[in-house]
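Participant: First, the structure itself, so that you have it in front of you.
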Amino acid sequence: MTMPAVPNPADAGSGAVVAAPFPEAPVVPISPWGQGQPQVGDRVFRRLAQASGALMVALIAAIGGFLLLRAIPALERNRENFFTYGGAWVTTDTSAMHFGMLDLLQVTILVALFALFLAMPVALGVALFITQYAPRPLAGPLAYAVDLLAAVPSIIYGVWGLQVLAPRLRPIASWLNHALGWCFLFAGGNTPATGGGTVFTGGLVLAVMILPITTAVTREVFVQTPIDQIEAALALGATRWEVVRTTVLPFGKSGYVSGAMLGLGRALGETMALLIILRGARAAFGWSLFDGGSTFATKIAGAASDLDDPYRAGAYIAAGLVLFVLTFLVDALARGAVAGIGRRRSGR
């Protein structure tokens with residue numbers, strides 16, 4: 001930037017000009033206290049954030065330690081291998097108890113994965129429709145309607161599933177049993193027409209219950225797709241589906257996986273709805289969707305009368321410890337999957 005030129009009084013006759021200097025800006029003293037305030041605030045905020053993170057880790061460790069300490073006395077009196085026994089749960093004689101986690105683990109995993117298998121495509125379709133296809137006046141109310149599904153109490157879902165949904169599912173279940181009975185998932189000794197207290201009904205109800213959280217997380221990530229990428233694809237002549245396939249889905253893949261894993265965590269710990277549906281099952285679990293059984297959560301909730309004895313309660317606390325570890329592993333795997341998608345996206 002050049003300074004303005006002004007005539008030089010000494011060279012008035014020659015017409016020479018010189019550059020006039022700018023006036024110096026006044027020096028404003030800065031208070032040392034004012035300089036230190038942001039640094040002090042940053043340090044305080046950093047310490048508070050670190051303390052909050054440490055507190056959460058300590059709480060999780062305390063919960064795990066409490067469960068372990070309360071479960072050890074019951075495990076010492078268990079006459080079976082807790083990890084491989086899947087027979088009847090017998091804790092009446094606290095001096096010689098028989099209990100194990102195998103059946104509970106199998107039912108919990110099957111019903112949760114079946115619900116996730118049903119909910120993930122629907123959640124993806126709803127999220128894409130709301131963010132990419134629906135008109136603005138329709139997108140907002142539709143998103144609110146999906147979110148409201150999360151506000152329905154789980155006990156209402158259980159009653160609805162057993163009394164309303166199950167009778168209507170019996171023809172479909174019977175057809176699947178006869179047409180796909182060669183597959184172990186659709187075979188089994190519990191005839192679908194005899195009752196609705198099956199993993200099949202429970203998985204469908206659970207899919208409806210985890211749909212809001214999976215859809216909400218996926219929708220919020222899809223909305224964040226850079227608008228310049230969408231406009232560039234449209235300018236190149238891409239159709240709406242090509243825009244979704246080339247820009248929205250790659251950008252929102254991590255959010256979709258995160259929403260699915262959050263839904264899986266909800267499915268693993270669901271209690272009341274599955275307790276109402278599965279407690280009326282007429283056949284033991286045998287890896288069929290038309291069998292019954294108990295998950296970790298329903299087994300604990302259904303044995304509230306046994307929790308007055310420390311040893312009988314310890315047996316169910318041991319089951320709760322396995323569920324605690326299982327959900328922790330699912331969350332860890334979800335974070336690892338999301339981090340891996342992020343690294344691939346950034347090209348690292």
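Participant: Using only the alpha-carbon atoms, what does region 92-240 span along each of its principal axes? Please give whole angstrom values in decreasing order.
Facilitator: Its Cα atoms span 71, 42, 27 Å along the three principal axes.
Participant: So how do Phe129, Phe186 rank on accessible area, 1.4 Å probe, biggest first, that is with the largest at the start?
Facilitator: So, going from the largest accessible area down, we get Phe129, Phe186.
Participant: Also: Show the residues, 5+ positions off or on another chain, whose built amide H is closer than 5 Å to the amide H of Leu289.
Facilitator: Amide H neighbours of Leu289: Phe186, Ala187.
Participant: For region 38-93, compute Rg over Rh where Rg is the Cα radius of gyration and Rh is the Kirkwood radius from the inverse mean 1/r over Cα pairs.
Facilitator: Working: Rg = 21.0 Å, Rh = 15.0 Å.
Using Cα coordinates only, the ratio equals 1.40.
Participant: Taking every alpha carbon pair in region 243-303, what does the distance histogram look like in 10 angstrom bins from 0, in percent?
Facilitator: Spelled out bin by bin, region 243-303 gives 20, 33, 20, 17, 9, 0 percent.
Participant: Accessible surface of Tyr316 in the full protein assembly, 1.4 angstrom probe, to the nearest 10 Å²?
Facilitator: Roughly 10 Å² of Tyr316 is accessible to a 1.4 Å probe.
Participant: Which shape class, rounded, prolate or oblate, goes with region 104-153 when its Cα gyration tensor gives a ≥ b ≥ c as root eigenvalues, a/c under 1.5 marks rounded, and past that a/b bigger than b/c marks prolate? Mind showing how you got there, number by number?
Facilitator: Numbers: a/c = 6.83, a/b = 2.12, b/c = 3.22.
Because a/c hits 1.5 or more and a/b fails to exceed b/c, region 104-153 counts as oblate.
Participant: I've got another one for you. Under 19 Å from a label point 7 Å along Cα→Cβ of Arg79: give me every residue in region 290-323 with its amide N that close.
Facilitator: 311-316
Participant: Find the accessible area per residue for region 102-225; the probe is 1.4 Å, ligands and nucleic acids are left out, and the unit is Å². Working shown, then result.
Facilitator: Values: 5850 Å² over 124 residues.
Per-residue accessible area for region 102-225 comes out at 47 Å².
The values are calculated or read from the model by the stated rules, or taken from the named source; none is laboratory data. As the structure is a prediction and not an experimental result, all values here were calculated from the model. Cβ: placed from backbone, ideal geometry, glycine included. Neighbour counts: every protein chain shown. Just so you know, the surface numbers come from the protein's heavy atoms only, side chains and all, with ligands and any DNA or RNA stripped out. Shrake-Rupley method; radii C 1.70, N 1.55, O 1.52, S 1.80 Å.
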